[in-house]
Amino acid sequence: MEILKGKNILIVDDDAYNIFALSAALEDFEANITSVTNGVDAVAAVTATDQPMDIVLMDIMMPEMDGYEAMRTIRDKGFTDLPIVALTAKAMRGDIEKCLEAGASDYMAKPIDVAKLIELMEKLLQKK
């Protein structure tokens, strides 16, 4: 999975276990992982100029600023080509559409199947 090697990946989730599990899985591919626990910090991490993000894994249900608002804000700040994968426990048809309307490039229902997530990330990064 060479496409993930050296990529800057932002994990946004308010659950420490989810961050740990995703980070551990992605570090095996030699990706650079940054993690934050809410949408406000996600927007700050994406807009920081010192380390441009290649892809964002965005939880939806978080305190302070949820994933929907964070994705809209990131898109409004001009990051229209940045791949954002919404990670959500809400996978009903309306929830999926809401993620895509808010700016997600794609979505994945929790619990996360890491192999499928890696496959999706590779697909999105190849388009970039």
### Task
Confirm whether ALA24 is in a helix (DSSP H, G or I) and either in contact (Cβ under 8 Å) with a residue 40 or more places away in the chain or surrounded by 19 or more Cβ atoms within 10 Å (Cβ to Cβ) (or both).
no
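With respect to LEU124, is the statement that it is touching a Ser or Thr at 6+ places or on another chain (Cβ under 7 Å), under 25 Å from GLU2 (Cα atoms) and either assigned to a helix (DSSP H, G or I) or in contact (Cβ under 8 Å) with a residue 40 or more places away in the chain (or both) true?
On the way: touching a Ser or Thr at 6+ places or on another chain (Cβ under 7 Å): yes; under 25 Å from GLU2 (Cα atoms): yes; either assigned to a helix (DSSP H, G or I) or in contact (Cβ under 8 Å) with a residue 40 or more places away in the chain (or both): yes.
Against the criterion (touching a Ser or Thr at 6+ places or on another chain (Cβ under 7 Å), under 25 Å from GLU2 (Cα atoms) and either assigned to a helix (DSSP H, G or I) or in contact (Cβ under 8 Å) with a residue 40 or more places away in the chain (or both)), LEU124 qualifies.
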### Task
Give the number of residues within segment 53-103 that are more than 12 Å from the chain's Cα centre (by Cα), in contact (Cβ under 8 Å) with a residue 12 or more places away in the chain and assigned to a loop (DSSP other than H, G, I, E, B).
12
### Message
Restricting to segment 89-118, name every residue that is surrounded by 12 or more Cβ atoms within 10 Å (Cβ to Cβ), closer than 21 Å to ALA24 by Cβ and of a type outside the set (Gly, Ala, Ser).
### Response
MET108, LYS110, ILE112, ASP113, VAL114, LEU117, ILE118
### Task
Taking GLY39 as meeting all but one of (1) at pLDDT 95 or above; (2) more than 20 Å from MET108 (Cα to Cα), write down the number of the exception.
(2)
## Note on the structure
Inside segment 104-117, the number of residues satisfying the requirement of being over 14 Å from ASN18 (Cα atoms) and part of a loop (DSSP other than H, G, I, E, B) is 2
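For VAL46, state whether it is surrounded by 15 or more Cβ atoms within 10 Å (Cβ to Cβ), over 19 Å from SER105 (Cα atoms) and of a type in the set (Val, Ile, Thr). Give the steps one after another, and end with the answer.
Values: surrounded by 15 or more Cβ atoms within 10 Å (Cβ to Cβ): yes; over 19 Å from SER105 (Cα atoms): no; of a type in the set (Val, Ile, Thr): yes.
Taking the combined requirement at face value, the residue does not satisfy it.
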### Task
Go over the candidates ILE33, ILE55 one by one and state the one that is closer than 23 Å to ALA115 by Cβ and buried (at least 19 other Cβ atoms within 10 Å of the Cβ).
ILE55
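The values are calculated or read from the model by the stated rules, or taken from the named source; none is laboratory data. Computed from a predicted structure; not experimentally measured. Quick reminder, even Gly has a Cβ in these numbers, built from the backbone with ideal geometry, and neighbours come from all protein chains shown.
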